[in-house]
Amino acid sequence: MNTKFYKFGFFALLVINLTVVILFIIKPDRSRSENGFKEKIAEQLDLTEDQLAAFEDMVGKHRTAIRALNDQERKLTESYFSQLKSSSEGTEDADKQDMIFQEIREVKSKKLQITYLHLKGMKSLCDEGQMEKFDQVLDKIIPRLTGTHDRTGRMGKRKMDGIK
């Protein structure tokens, strides 16, 4: 009885471990999901070839600008919190903290402005027939901007299905 139990336990643990390893190896690539999102937007807006080329150019420029700002924000945030390690609550430290905090707010503001201009540019690509579709797509993009989309960071199929 004992040997059968141990054999069963061994094989059960082996299957679990193999499953975990396989899941780590074939985890979804984040860049594919971002591209999928871009393609879903282009599909939902029913962009022409010329519109699609302009849209892809806009997306590339937007991603580049946002990545640079994200890197800047990350460094500033690390600097802001690293002051806790060795600061002695002096006025110099408080002034430095306020300065870094203001820089973080400026970076966040730039990100919002760049994204607003990006969406405004997307809207300008649309013709009269695509404007209603743009409004529907925008309703799906805003939750991503506000952080209220699903926790995986991806716009799920069920969320995009509502756009006609």
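Quick check: residue separation of Ser109 and Thr3 times 0.36 nm, minus the Cα distance between them. What number comes out in nm?
So the chain would gain 31.7 nm between Ser109 and Thr3.
Over the range 42-146, what is the relative contact order in whole percent, taking alpha-carbon pairs under 8 Å and six or more residues apart?
Working: 47 pairs, mean separation 47.0, N = 105.
This gives 45 percent for the range 42-146.
May I ask you to derive the FRET efficiency for Ile16 and Ile66 from their Cβ-Cβ distance with R0 = 45 Å, giving the value to the nearest 0.05?
Between Ile16 and Ile66 the formula returns 0.70.
Rounded to a whole number, what % of the accessible area of the range 42-146 do carbon and sulfur atoms account for, probe 1.4 Å?
52
For Ser79 and Leu23, compute 0.36 nm times the residue count separating them, minus their Cα-Cα distance, and round to one decimal in nm.
Values: separation 56, 0.36 × 56 = 20.16 nm, distance 3.53 nm.
Difference between extended and current length: 16.6 nm.
Taking N as the number of residues in the range 42-146, what is its Cα Rg relative to 2.2 N^0.38 Å? Let's see the in-between values first.
On the way: Rg = 19.2 Å, N = 105, 2.2 N^0.38 = 12.9 Å.
Computed over Cα atoms of the range 42-146, the ratio equals 1.49.
Accessible area per residue for the range 42-146 in Å², computed with a 1.4 Å probe and the full protein assembly in place, what is it?
About 69 Å² of surface per residue is accessible.
Read phi for every residue in the range 50-62 and hand back ³J(HN,Hα) as whole Hz from Karplus 6.51 cos²θ - 1.76 cosθ + 1.60, θ = phi - 60°, with x for Gly and Pro.
5, 4, 5, 5, 5, 4, 5, 5, 4, 4, x, 5, 4
Over 18 Å between Cα atoms, which of Lys40/Lys133; Lys85/Lys111; Lys75/Lys96; Lys38/Lys133; Lys120/Lys140; Lys40/Lys140 qualify?
Flagged as over cut-off: Lys85/Lys111.
The values are calculated or read from the model by the stated rules, or taken from the named source; none is laboratory data. What you are looking at is a predicted structure, and each value in this text was computed from that prediction instead of being measured. Ideal geometry is used to build each Cβ from the backbone, glycine not excepted, and the neighbour counts take in all protein chains shown. Ligands, DNA and RNA are stripped out before the accessible areas are found, and what is left, the full protein with its side chains, is counted by its heavy atoms. Shrake-Rupley method; radii C 1.70, N 1.55, O 1.52, S 1.80 Å.
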